[in-house]
Amino acid sequence: MEDIDFSREVTVFHGRTVPEKARLAGYGAVIDGLGLSMPMPGRLALISYKNRQYRDQNWQVFTSRYLPDNNLYSHLVFALKYEGINLLFFKRLFQKISSSEIVSIISAEPTGQYSRKIWFLYEWLMMEVLDVPDLKTGNYVGLLDERMQFTIRGIRSKRHRIINNLPGTRDFCPLVFKTDKLINYCRAGLSEQHDNRLSDVRKDLLQRASAFLLLKDSRASFSIEGESPKSKRAARWGKAIGQAGVNALSKDELLRQQQMVIENTRFIKSGFRREGGFVGDHDRSTGEPLPDHISARWQDIDQLMSGLIATSHLLEEEDIDAVIAAAIVSFGFVFIHPFQDGNGRIHRFLIHHVLARKGFTKQGLIFPVSTSMLNHINDYRKTLQQYSHPLLDFIDWDKTADNNVKVQNETVDFYRYFDATPQAEFLYDCVADTIFNIIPQEVKYLEQYDRFKHFLDDEFEMPDKTVALLVRFLEQNEGKLSKRAKEQEFSDLSVSEIEMIEKHFADVFYTALN
């Protein structure tokens with residue numbers, strides 16, 4: 001590899017404009033130099049000729065004193081030190097070069113922490129023991145730098161003097177970087193803020209809010225999929241959401257959830273897929289698939305789901321942020337897409353499940369995160385596409401006779417080793433929106449409704465059903481009863497009574513309507 005120019009100068013790189021004249025370093029340099037078949041990391045490293053250091057959305061720029069030597073090991077050390085660990089990269093690297101080359105790298109600096117990390121990663125990812133003797137001395141170091149990426153406490157590997165603090169298993173281990181946004185969210189203690197904000201709310205009011213929010217979340221989850229379910233079906237799925245966290249996650253539990261989502265299986269094969277899958281459209285003329293996302297190969301689903309479930313159980317027990325854990329498990333599930341149908345709704349159920357198992361809230365209130373996702377549907381789609389679209393260039397597929405897709409290359413690593421940072425940031429935004437907007441608005445609405453109902457009880461002794469109808473009419477017509485309502489459903493009210501009701505409604509609900 002002596003003739004490979006890892007630190008080549010670039011001005012445009014894989015469709016990204018370089019902010020200034022600079023050289024590649026770290027992961028981008030090795031992926032480019034060795035032609036590794038994988039998407040580029042979200043942010044790449046550059047060595048600038050100028051004496052300044054900064055980062056933007058696509059680039060992390062270093063001064064010339066950080067320039068690695070023009071060899072593989074130096075760039076790997078740079079990547080581990082400044083870019084964190086990328087499991088997909090290391091798997092692709094180890095598949096590309098021989099184990100003897102890895103032994104040579106390790107032997108050059110056998111007790112160095114970065115040599116030990118590379119050594120551990122090789123044996124962990126490839127399930128192959130290298131011809132290198134166990135270390136007998138030296139301090140233990142964490143595999144992941146906890147200043148850069150979210151970790152667990154980890155298990156010590158005596159052989160490598162490494163603490164395996166990866167938040168997952170070999171079969172499923174997405175990683176999340178500690179961005180400024182995520183650090184601030186974790187420090188804010190949203191779980192405690194949520195419980196404190198609801199501590200003074202009457203229990204009966206909280207129970208009513210919870211029941212309505214469950215139904216609202218269920219309907220929102222169907223709406224995201226472009227469906228408008230009947231009330232009975234939405235209520236059924238809302239009940240399932242309300243039981244999130246009760247049962248431990250397992251393959252049987254996931255199959256049960258699919259049965260809850262899909263009542264009519266005449267045209268849908270229930271259970272884990274035994275064929276290819278994709279999300280997208282079909283060409284109107286030919287019927288050929290036009291995928292936006294290609295699901296994991298059906299042959300890999302059993303292994304991937306075993307890994308996802310094991311990782312979910314691990315994260316439940318570990319001291320890792322609940323929302324980060326929920327993002328890892330739930331988005332990993334929807335990217336795998338193990339079912340023919342129902343994946344999106346079960347993906348969002350898994351958010352509830354992990355938050356509940358991690359004890360995110362003491363109030364027992366299920367978060368209607370689907371409502372927030374529906375309210376931010378474009379951001380939701382972009383978050384999914386940030387993962388899916390870059391992968392399309394690396395998946396070799398053919399169309400089948402029934403216009404499905406058949407994946408021809410090995411893709412399992414794409415679904416178990418990915419950067420879940422964008423998904424974690426989006427989910428935390430939705431959780432914050434739910435805590436500070438959606439739940440308080442619902443509680444406030446019920447308080448206002450009760451005040452208005454109390455007025456109607458005192459003045460008119462209206463039954464609950466009539467009150468609900470009256471409120472609905474007033475809400476639909478900007479606080480005024482329509483001519484039809486006055487002449488039909490509420491013809492017994494006088495003009496002065498209607499005016500009094502409309503005025504009281506405006507006094508109570510004005511802020512809710514504006």
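Test of understanding: what is the full-extension gain from Arg284 to Lys21, defined as 0.36 nm times their sequence separation minus their Cα-Cα distance?
Taking Arg284 through Lys21 to full extension adds about 90.1 nm, to one decimal.
Under a 1.4 angstrom probe, counting protein chains only, how are Arg236, Arg348, Arg159 ranked by accessible area, largest first?
Per-residue accessible area, sorted high to low, gives Arg236, Arg159, Arg348.
Please work out the average accessible area per residue across the stretch 14-115, using the 1.4 Å probe convention, and give it in Å².
Ligands and nucleic acids excluded, the figure is 43 Å² per residue.
Please give me the summed charge of the neighbours of Leu87: other residues whose Cβ is under 9 Å from its Cβ, Lys and Arg +1, Asp and Glu -1.
Net local charge, Leu87 excluded: +1.
Translational D (Stokes-Einstein, µm²/s) of the stretch 1-156 at 10 °C and 1.306 mPa s when Rh comes from the Kirkwood sum over C-alpha pairs?
97 µm²/s
Which of the trypsin sites (Lys or Arg not before Pro) found in the stretch 116-150 are loop residues per DSSP with 15 or fewer other Cβ atoms within 10 Å of their Cβ?
When the trypsin sites (Lys or Arg not before Pro) of the stretch 116-150 are filtered for loop state and at most 15 Cβ neighbours within 10 Å, Lys136, Arg147 remain.
Of all beta bridges DSSP finds with both residues in the chain, what is the antiparallel percent, to the nearest 5?
75 percent
With a probe of 1.4 Å, find how much accessible area the stretch 295-454 has per residue, and write the answer as a whole number in Å².
35 Å²
Tell me the carbon and sulfur percent of the accessible area for the chain, rounded to whole percent, probe radius 1.4 Å.
46 percent
For the stretch 163-209, state the semi-axes of the equivalent ellipsoid (square roots of 5 times the eigenvalues of the alpha-carbon gyration tensor), sorted largest first and rounded to whole angstrom.
35, 16, 9
Hey, can you list the DSSP H helices of the chain whose Cα span along the axis is 30 Å or longer and whose average Kyte-Doolittle score is at least -1.0?
TM-like helix candidates: 203-224.
If you take the Cα atoms of the chain, find Rg, then find the Kirkwood Rh from the mean of 1/r over all pairs, what is Rg/Rh?
On the Cα set of the chain, Rg over Rh gives 1.06.
With a Förster radius of 30 Å, plug the Cβ-Cβ distance of Asp379 and Arg8 into 1/(1 + (r/R0)^6) and report the FRET value to the nearest 0.05.
Efficiency at R0 = 30 Å is approximately 0.25.
If you bin every alpha carbon distance in the stretch 331-435 into 5 Å steps from zero, what whole percent lands in each bin?
2, 10, 18, 22, 18, 12, 8, 5, 3, 1, 0
Sequence-distant or interchain residues sharing an amide H contact under 5 Å with Gln60, placed H: which?
Leu44, Ala45, Leu46
To make sure I understand the rule: partners must be aspartates and glutamates, Cα under 17 Å from the Cα of Lys117, and not fewer than 8 residues away in the same chain. Which ones qualify?
Within reach: Glu83, Glu101, Glu109, Glu128, Asp131, Asp134, Asp145, Glu146.
How high is the FRET efficiency from Ile268 to Glu318, r the C-beta distance, R0 25 Å, rounded to 0.05?
Here the calculated transfer efficiency is 0.10.
Test of understanding: extend the Cα→C-beta vector of Asn71 to 7 Å, then name every residue of the stretch 4-42 with backbone N under 19 Å from that spot.
The answer is 4-8, 25-27, 29-31, 33-34.
Taking just the C-alpha trace of the stretch 232-321, give me its Rg and Dmax in Å.
Both quantities, over Cα of the stretch 232-321: 16.5, 53 Å.
Which value in nm describes the separation of the simple spin-label points at Glu101 and Arg484, placed 7 Å from the Cα toward the beta carbon?
Calculated label separation equals 7.4 nm.
Once the Cα gyration tensor of the stretch 379-484 is diagonalised, what are the square roots of 5 times its eigenvalues, in whole Å and ordered largest first, as equivalent ellipsoid semi-axes?
53, 20, 11
The values are calculated or read from the model by the stated rules, or taken from the named source; none is laboratory data. Quick caveat, the model's predicted, so the values are computed rather than measured. Here the Cβ is made from the backbone with ideal geometry for all residues, glycine too, and neighbour counts use every protein chain on show. With ligands, DNA and RNA removed, areas are computed over all heavy atoms of the protein, side chains included. Shrake-Rupley method; radii C 1.70, N 1.55, O 1.52, S 1.80 Å.
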